[in-house]
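Inspection log for the structure reproduced underneath, given as structure tokens.
The values are calculated or read from the model by the stated rules, or taken from the named source; none is laboratory data. The shown structure was predicted, so the numbers you read here are calculated from the model rather than taken from an experiment. Note: ideal-geometry Cβ built from the backbone for every residue, glycine included; neighbour counts use all protein chains shown. To get the accessible areas, we keep the full protein, side chains included, count just its heavy atoms, and leave off ligands, DNA and RNA. Shrake-Rupley method; radii C 1.70, N 1.55, O 1.52, S 1.80 Å.
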Amino acid sequence: QEAIGPISCKQRCAGLPAIECAMEAGSPCSHFVEQDGFPGEYAELMLVDGHARSCGSRTATGRFRQHGRLVATVGLGAAWLVCLLGCVRRLGRGPPAAAERQTSHELGLAALPASPVVLLMCSGPGACKGSPAKRKWKRSPRHLADEVGQELDLPGARRAAFPVLEHWRRSPPQFKGRNVTLRDLAVFAQNLLRSDPFGTGDDVPFVNLEASVGAFVALTQRQLAFLVVNALLGNSIPGGDGLESALQRCSSRGAPDPSWPRPPKATSQDEPPHRNESNCSRLNVSQPQAPPPKGFLYSLLSMLAVLSTELGHDEQGSVLVAARPSPAGDAWRSRLGSKLITPKLCLSEAGGEGCGLDDFMAGGTKFQALTDIAGGSVGGAGGLCDIATTQEESAVQFYPEVIALTFFASGPTKMLPVPLSFLGTRRYMSDFSGASGLGPPYYAMCGHIREENWLNENITSDVVSVQIGARNVSIAPSAFVAVASACAACAEGNCTMDEMINNDCDAQRDFVDVNIARWYQAYESSLYHPHISGAFRSLVKSIGTGPWGAGDWRGDSQQSFIEIWLASSLFENISLDYYAYSRFCENAGNQCLVLAKEACKKCLEQTYPWPGNDGKLVSWRSCGEYGVQDVIGRFQGHTVEDLRKALIRSASISGPVFASLLG
């Protein structure tokens with residue numbers, strides 16, 4: 001493909017062609033973009049009876065172009081003689097097996113990937129040199145394609161698959177005016193398995209994100225879908241991976257209906273890690289006698305459904321990145337002299353004025369990062385299985401690329417640690433926002449998967465060009481950033497739940513510098529690998545957040561807003577979009593307390609729309625004289641250090657945080 005970028009290509013003679021391409025700084029092909037030709041290794045191919053045959057590799061000058069199939073312009077001379085002899089030897093072994101047969105029309109995808117790219121997978125903050133490590137699939141994906149079934153059998157999901165597939169069969173969702181059936185998914189799955197999108201045959205490039213800070217992976221939509229299909233069909237790699245583990249874990253939960261077909265015996269029932277805070281527990285959404293969770297399957301299948309309509313027969317699609325930052329240490333303190341930025345307040349869901357932006361959890365605002373209120377791992381105690389009453393457990397269901405990228409977790413937990421950023425992610429299902437409700441359709445859950453037509457018809461198709469390593473790639477202008485705050489509810493000798501919910505606990509004010517450092521580590525672009533730090537800066541122009549720090553870990557909502565404001569002011573060219581809700585799906589009603597008295601009371605009326613005081617956990621008596629606008633107005637033009645010192649001093653003053661600062 002013209003201007004494919006720096007690549008190093010090798011062609012193996014054994015089996016069907018499989019190109020291995022890894023972008024390497026300093027590779028023999030590093031000047032390809034700037035030159036008409038490039039020195040290096042190239043693949044010599046011949047069509048024999050319509051079938052591709054590999055004939056070794058030679059050093060020459062040539063150029064690859066993609067026009068439905070790969071055309072190699074190679075040097076003349078002895079190379080062709082060697083190639084011809086090699087192909088004659090291949091033909092002597094007889095016709096290709098059925099699994100290997102393709103027509104010349106299919107060659108562009110089935111025999112060779114249309115654009116065989118492994119962008120970059122780096123295991124640490126140092127320079128990326130050499131090809132990424134590879135793991136071999138336990139079963140050949142090409143042979144696995146024959147077992148997909150007419151309507152997509154899912155042995156990797158075992159007993160949880162039956163109710164989801166039955167519902168999909170009866171009520172296939174629509175996308176862009178047409179039903180996406182299980183047969184459509186099956187055809188797409190077969191196509192993926194036969195396409196070899198990494199160009200590595202039965203191997204898959206791999207970096208263990210669970211083990212290394214500063215590591216990242218970058219791959220295409222087709223490549224990620226390929227990983228998902230392999231996992232759903234029960235394929236895995238030696239040592240296991242996070243996606244396989246999630247499927248086994250989620251499928252093992254609950255009690256299936258006796259009328260369902262008997263599933264194969266489970267191979268693992270590993271439970272996910274809980275948050276890394278001592279004495280802290282979160283709601284575990286699995287119930288011993290509940291049916292198996294279904295959210296994770298709807299999530300992954302919805303991603304495949306959308307991509308099956310978006311990706312052409314030979315398209316790799318846009319790029320996705322998962323990246324862990326390096327530790328921040330005390331680097332943030334060097335920026336305390338920065339001026340405080342002016343946050344944009346989005347208060348419509350709290351009874352106030354809107355900001356003209358989509359809900360940050362819906363992912364509809366370009367270049368805005370979604371802040372995921374994470375715990376010790378991406379997806380939290382829910383184990384990536386289903387929607388729940390917390391944001392972190394539900395958000396991943398609506399952003400299935402996040403679940404899929406857990407494939408690159410191969411440590412003891414098989415979960416991705418935080419902080420961790422995902423670039424180019426999209427929301428594939430409706431309905432998801434920060435607002436929840438006690439009645440239908442939410443029933444106090446964070447998000448809702450519709451019974452019919454649950455695919456996100458408004459999913460963005462926008463892409464922008466960013467640089468990853470030495471190459472410009474297309475990527476959706478969005479990000480999903482999972483970052484954990486300190487846990488106020490986990491502290492020894494903490495306050496009562498009633499006191500914490502009403503911002504009336506001194507222990508909630510003990511984490512100023514801890515939370516600033518955690519936020520800084522997650523959003524400071526220089527802490528990410530140099531090959532993607534520029535892409536991070538290009539894609540994250542604003543931070544969208546709700547009550548981070550004051551969700552299910554019961555922080556003080558006034559305190560947490562100021563900590564977010566302080567930390568966000570340390571960055572260059574990043575704005576802050578702060579969303580408040582009368583009933584956020586965690587710690588409902590507590591965020592009303594960031595509003596001044598009358599606005600706070602109005603907000604609480606939306607939280608508890610019934611007479612009397614029964615069931616009203618947040619009291620109107622906790623509403624203070626000052627609101628978030630008052631604090632912004634008072635400290636506008638001051639430095640981060642001015643407000644930080646004032647906040648630390650205010651910890652010794654009883655009463656609401658805002659009143660302590662302004663009184």
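A few comments on the model shown:
- Evaluation of N472 against (1) in contact with a strand residue (DSSP E or B) (Cβ under 9 Å, 6 or more places away or on another chain); (2) at positive phi; (3) surrounded by fewer than 18 Cβ atoms within 10 Å (Cβ to Cβ); (4) not charged (D, E, K, R) (one fails), failing number: (2)
- Of the residues making up region 393-433, those that are at pLDDT below 95 and charged (D, E, K, R) number 1.
- Of all residue pairs spaced 6 or more apart or on separate chains, those with beta-carbon atoms under 6 Å, a first member in region 222-243 that is within 16 Å of T413 (Cα to Cα) and open to solvent by less than 10 Å² (accessible area, probe 1.4 Å) and a second member that is at pLDDT 95 or above and of a type in the set (A, V, I, L, M, F, W, C) are D241/F407; G242/F407; G242/A409; L243/A231; L243/F407.
- Single match in E353, E349 (criterion: without any contact (Cβ under 8 Å) to a residue 24 or more places away in the chain, in contact with a strand residue (DSSP E or B) (Cβ under 8 Å, 6 or more places away or on another chain) and either open to solvent by 20 Å² or more (accessible area, probe 1.4 Å) or of a type in the set (V, I, T) (or both)): E353
- Condition check for E598: open to solvent by 10 Å² or more (accessible area, probe 1.4 Å), closer than 30 Å to S123 by Cβ and either free of Cβ contacts under 8 Å to residues at least 60 places away in the same chain or of a type in the set (S, T, Y) (or both): no
- Residue match in region 431-451 (condition: open to solvent by less than 20 Å² (accessible area, probe 1.4 Å), touching a Pro at 6+ places or on another chain (Cβ under 7 Å) and either among the acidic types (D, E) or in contact (Cβ under 8 Å) with a residue 24 or more places away in the chain (or both)): no
- Scanning region 491-509 for residues that are open to solvent by less than 10 Å² (accessible area, probe 1.4 Å) and farther than 30 Å from Q368 by Cβ yields a single hit, C505.
- Every test in (1) modelled with pLDDT of 95 or more; (2) open to solvent by 10 Å² or more (accessible area, probe 1.4 Å); (3) not in a loop (DSSP other than H, G, I, E, B) is passed by V466 save one, and that test is (2).
- Of all residues making up region 364-393, the number that are out of contact with any helix residue (DSSP H, G or I) (no Cβ under 8 Å at 6 or more places or on another chain) and under 18 Å from V483 (Cβ atoms): 2
- Checking G624, G589 one by one, the residue that is surrounded by 20 or more Cβ atoms within 10 Å (Cβ to Cβ), touching a Lys or Arg at 6+ places or on another chain (Cβ under 7 Å) and under 17 Å from D506 (Cα atoms) is G624 and no other.
- Test for S318: is it among the polar types (S, T, N, Q), open to solvent by 20 Å² or more (accessible area, probe 1.4 Å) and at pLDDT 95 or above: no
- Flag for L209 being surrounded by 23 or more Cβ atoms within 10 Å (Cβ to Cβ), of a type outside the set (F, W, Y) and either part of a loop (DSSP other than H, G, I, E, B) or at positive phi (or both): yes
- The one condition in (1) without any contact (Cβ under 8 Å) to a residue 40 or more places away in the chain; (2) touching a strand residue (DSSP E or B) at 6+ places or on another chain (Cβ under 7 Å); (3) among the hydrophobic types (A, V, I, L, M, F, W, C) that L165 fails to fulfil: (2)
- Checking W548, W553 one by one, the residue that is part of a loop (DSSP other than H, G, I, E, B) and at pLDDT below 95 is W553 and no other.
- Inspection of region 565-580 finds a residue satisfying the criterion of being open to solvent by 40 Å² or more (accessible area, probe 1.4 Å), modelled with pLDDT of 95 or more and more than 20 Å from P419 (Cα to Cα).
- Members of region 407-429 found to be buried (at least 21 other Cβ atoms within 10 Å of the Cβ) and assigned to a loop (DSSP other than H, G, I, E, B), listed by number: A409, S410, K414, M415, L416, V418, P419, G424, T425, R426, R427, Y428
Conditions tested, residue by residue: (1) touching a strand residue (DSSP E or B) at 6+ places or on another chain (Cβ under 9 Å); (2) open to solvent by 40 Å² or more (accessible area, probe 1.4 Å); (3) of a type in the set (F, W, Y).
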| position | (1), (2), (3) |
| --- | --- |
| D314 | yes, yes, no |
| A328 | no, no, no |
| S334 | no, yes, no |
| D359 | yes, no, no |
| T365 | yes, no, no |
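- Hits in region 345-366 (condition: among the charged types (D, E, K, R) and assigned to a loop (DSSP other than H, G, I, E, B)): E353, D358, D359, K366
- Filtered residue count, region 503-518, keeping only those that are over 23 Å from A588 (Cβ atoms) and either in contact with a helix residue (DSSP H, G or I) (Cβ under 7 Å, 6 or more places away or on another chain) or at pLDDT 95 or above (or both): 6
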